[in-house]
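Student: Structure below; questions to follow.
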Amino acid sequence: MELLDAHVKAELTATMRCGLMQITFPASDQSHLLLDFGFPTEERTEILGVTAKQVSPTEIEGSIHQKNGYALEFTVHFVIQLSRPVESLDGWQTGDYTGKDAGYGTDWRRPVTYERGVTNFTGQGKCGLAMNFNTTAGEKILVRTGISLVSAA
C-alpha cells in the first residue's frame, strides 16, 4: 500500500495472532509509526486500561484491558519488535468532551494530552503511542507484532 502524501510504502501480512510489516520511508527526521489503542466505533469496545513499556530500544510490550457487549471483560497482551531502534516514544491520551455543541460529532473536539519521551505508558479510552524515527531515503523498517490472551511472553 502506498501512502501517497507521506511518500511511505507499507507492506503487510498477518495471521490470527501475529503480523509482519515492512515500512519504506523517505528521508525525514519526522518519520512515525502510530499505535492507536482505540477501536472502530462499530465494535462498541471500551478500553478500560492500557499499559505499554519500552523493554529495549527495539521492543515494546504491553496489554489492553477492554470490554464489549459480547465478550465482557478481557485483556489482550502484545509485543512489538522493530528492526531498528526508535529515536523516541511519545504517548497521547484523549480526554472527555465537555462542550454542548454536538454538530459534526464530538471526537475531534476532545482535548488531547501528549507526552514526549516516554518509556512507560498507561492510558484508557482513546489513547496511543507514536514511535519516532529519523530515516534515510528508502530506509525499510521491519515490524513484528504478536498478541495473546494469556501473556506477553
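Student: Give me the base-10 log of I(q)/I(0) for the stretch 65-153 at each q in 0.11, 0.19, 0.25 Å⁻¹, Debye formula, one uniform scatterer per Cα, rounded to two decimals.
Tutor: Taken in order of the listed q values, log10 I(q)/I(0) reads -0.49, -1.09, -1.25.
Student: Okay, moving on. What number comes out for the charge environment of ARG116, summing +1 per Lys or Arg and -1 per Asp or Glu over other residues with Cβ under 14 Å away?
Tutor: -3
Student: Could you run the Karplus curve 6.51 cos²θ - 1.76 cosθ + 1.60 with θ = phi - 60° over the stretch 60-71 and give me ³J(HN,Hα) per residue in whole Hz, x for Gly and Pro?
Tutor: 3J(HN,Hα) across the stretch 60-71, in whole Hz: 10, 9, x, 8, 10, 8, 8, 8, 8, x, 10, 10.
Student: Go through 127-137, 2-12, 94-104 and give me the packing order, highest mean Cβ count within 10 Å leading.
Tutor: By packing density, highest mean first, the sequence is 127-137, 2-12, 94-104.
Student: Let me spell out the model: positive unit charges on the Cβ of Lys and Arg, negative unit charges on the Cβ of Asp and Glu, origin at the Cα centre of the chain. What dipole size does that give, in debye rounded to 20?
Tutor: The calculated dipole for the chain is roughly 220 debye.
Student: Near LYS53, which lysines are there with a Cα under 29 Å away, not counting those fewer than 8 places off in the same chain?
Tutor: LYS53 reaches LYS9, LYS67, LYS126, LYS140.
Student: Sticking with this structure for a sec: Enter the per residue convex hull volume of the chain, computed from alpha-carbon coordinates, in Å³ rounded to the nearest integer.
Tutor: Details: hull volume 21.2 nm³, N = 153.
It is 138 Å³ per residue.
Student: Using amide H atoms built in the peptide plane, which far-off residues or other-chain residues are under 5 Å from LYS126 H to H?
Tutor: Residues meeting the criterion, in which the H sits 1.01 Å from N, are THR94.
FYI, it's all coordinate maths here, none of it is from the lab. Please read these numbers as outputs of a predicted model, since none were measured by experiment. So basically every Cβ, Gly included, is an ideal-geometry build from the backbone, and we count neighbours across all protein chains shown.
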